Amino acid sequence: MSVRGNIPVWLSMQASPLPAGNTGDVPIAIVGAGPVGLAMALDLGRRGHRVMVLNRLDFIPAGSKAICFSKRSLDIFDRLGIGDAVMDKGVVWNVGKVFRRDAADPLYQFDMLPVKGQKRPGFVNIQQYHVEEYLWRAVAALPNVEIRWGHDVTGVVTDTDGATLAVETGQGAYTLRTRWLIACDGSRSSIRSLLGLDFDGRVFEDHFLIADISMKGERPAERWFWFDPPFNPGQSALLHRQPDDVWRLDFQLGWNIDRDKALDPANVRRLASAMLGDDVEYELVWTSLYTFQCRRMRRFLHGNVIFAGDSAHLVSPFGARGCNGGLADIDNLGWKLDLVLRGLAGPGLLESYDHEAIVTADENILNSSRSTDFLTPKSPVSLLFRDAVLDLAGHCPFARPMVNSGRLSTPVSYPGGPLNSDDADNWDGGVPPGGPALDAALDDGWLLEKLGGDFVLMTDGWEGPLPDGVRLLSVVADSAAGCRYAMVPGSAYLFRPDQYVVARWHRPYAAAIAATHRKAMGFTA
């Protein structure tokens, strides 16, 4: 594997040529060709829009990045057409186990797919660069999306009609005019810096060592986490399986360390061998040190400039909420910007992205911060509480859910959100307005497959008129899907294109369906 500027290269691209002329004009420009930027381009491209992606690097990087992709992200990948590729390559897991000290048995374990009978598992482990490659290949097949590799945005001027970008390449410079600019350029976002925007939050004083190793042998595809293990006393450790016999080892090291010494291969091998056993053979694939932050911008929507992913928010890696949170952003944004571009959206639709993406970011930051505080107590009282919980968890079931080794990513609901309509009926279960759809077997396939990316009225018996842009899906109330949603004969659910529930009725009527659909399009009346 080659290296450029200390960055390992997974897939090298030829730098895109300098475009003819010194200016250009596109309706949508996306800065950043990581998983979030590529997924955004694929979403909008599949909806028929012309998209330009600008990426500073001219390659897909390898190395230690995201590996844990949640069921919600897998559902998004299905909608984007790469779900099967991710599943074919990835390592499926649902179970996580938490150990303490030298105990052979876990003091707590959890299941990331508590609701069974769904198409996709709780999590799949797969290296980020594989996901980026699958997204890139899907984008490259679209004639209306162009990626310019090695094109660095160095200036941004905004106005009421869009933005003008200054772009530099190895062959010269040019300007690009765009109606909509979507910043997916990561934690060190050049767009955020160029616009002088805020990024508030906490920086956690701790270091963690990642060691990706190649190792043969049979071990379960589970998430294993240790508190105070004998091979890393007083700290924590994590073990994850990846494809191609690669394993992710993660060791907490503390704040005051010698970084160069920590990365010395002899030190890395000492920790890895102590975890795995001195007789286990392996090869170091990649090592790195990281610290982390929990921060976000105050707003993600700034006129015609929109922020998504790490450019808008940052969390600790414990809980796998970073990349998964970014994919949730683009899933929320894509259908809304599509309707805006088509002139079908109400004035509040795009603003609802800012509201809902911030709700998601705040939920992820809250869980990430709590996990980090539990993992790394910063006061004697916090340490006393953490150790008391761990002591109790060994023999008291009530304490086990309090053990926090990283609350893993799950989809965030928007109760009372601006696009929802409240229940008018009393429901005994099901999915309330503002909740993400739950998958279920349906006919010869799966519910989420049949919802697709449209407004859908799922009903047992409604035969009245539907608003333009709403598709009908018939479901029998006593089927697996109908039972999962607590449906009764004649009832209905309205889903929006990102498969969130807008409204539900025991006895729908045309005016109510039309009004809730209009509200979900961003209109107030």
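The values are calculated or read from the model by the stated rules, or taken from the named source; none is laboratory data. Note that the structure is predicted; figures quoted are calculated from it, not measured. Using ideal geometry, Cβ is built from the backbone for each residue, glycine included, and neighbour counts are taken over all protein chains shown. Calculation scope for accessible area: heavy atoms of the full protein, side chains included, ligands and nucleic acids excluded. Shrake-Rupley method; radii C 1.70, N 1.55, O 1.52, S 1.80 Å.
A few notes on this one:
- Over all projection directions, the Cα-based convex hull of the range 89-153 averages an area of 8.8 nm².
- The chain: relative contact order as a whole-number percent, Cα under 8 Å and 6+ apart: 14
- Figure note: K519, K97, K116 ranked by solvent-accessible area, largest first, 1.4 Å probe, ligands and nucleic acids not counted: K116, K519, K97.
- Mean residue ellipticity at 222 nm, helices only, the chain: -8500 deg cm²/dmol; runs of at least 4 DSSP H residues each add -39,500 (n - 2.57), and the sum is divided by the number of residues.
- Summing +1 for each Lys or Arg and -1 for each Asp or Glu among the other residues whose beta-carbon sits under 11 angstrom from that of L314 gives +3.
- Extension gain, R4-K378: 0.36 nm per intervening residue step, less the Cα-Cα distance, totals 130.8 nm.
- Estimated distance in nm for a label pair at A103 and D362, the labels positioned 7 Å out from Cα along Cα-to-Cβ: 3.6
- M402 versus R298: modelled label distance in nm, points set 7 Å from Cα along the beta carbon direction: 3.8
- DSSP bridge pairs, the chain: antiparallel proportion in percent, nearest 5: 70
- Summarising the amide proton neighbourhood of F227: residues at separation of 5 or more, or on other chains, whose placed amide H is nearer than 5 Å comprise F99, R100, R101.
- One compactness figure for the range 421-525 is 0.96, namely its Cα radius of gyration divided by 2.2 N^0.38 Å.
- The range 2-73 shape via C-alpha gyration tensor axes, a/c threshold 1.5: oblate
- Pairwise FRET efficiency - R219 versus T154, Cβ, R0 = 60 Å, nearest 0.05: 0.80
- Residue-level accessible surface for I257, protein heavy atoms, 1.4 Å, Å²: 50
- The count of lysine pairs in the chain with alpha-carbon distances below 14 Å, taking only pairs 8 or more places apart or on different chains, stands at 4.
- Note on F523 and F385: with the Förster distance fixed at 56 Å, the Cβ-Cβ geometry gives a FRET efficiency of about 0.70.
- Heavy-atom accessible area per residue - the chain, 1.4 Å, Å²: 41
- Here r is the Cβ-Cβ distance between S474 and A140 and R0 is 51 Å; the resulting FRET efficiency, rounded to 0.05, is 0.85.
- Ligands, DNA and RNA left out, the accessible area of the range 90-216 computed with a 1.4 Å probe is 49% carbon and sulfur.
- Label separation (D258 vs E449): 5.8 nm, computed from points 7 Å beyond Cα along the C-beta direction.
- For the range 229-362, the fraction of 1.4 Å probe accessible surface lying on carbon and sulfur atoms is 47 percent.
- The residues D478, D198, D428, D391, sorted by heavy-atom accessible surface at 1.4 Å with ligands and nucleic acids left out, run D428, D478, D391, D198 from largest to smallest.
- Carbon plus sulfur fraction of accessible area for the range 426-525, probe 1.4 Å, in percent: 54
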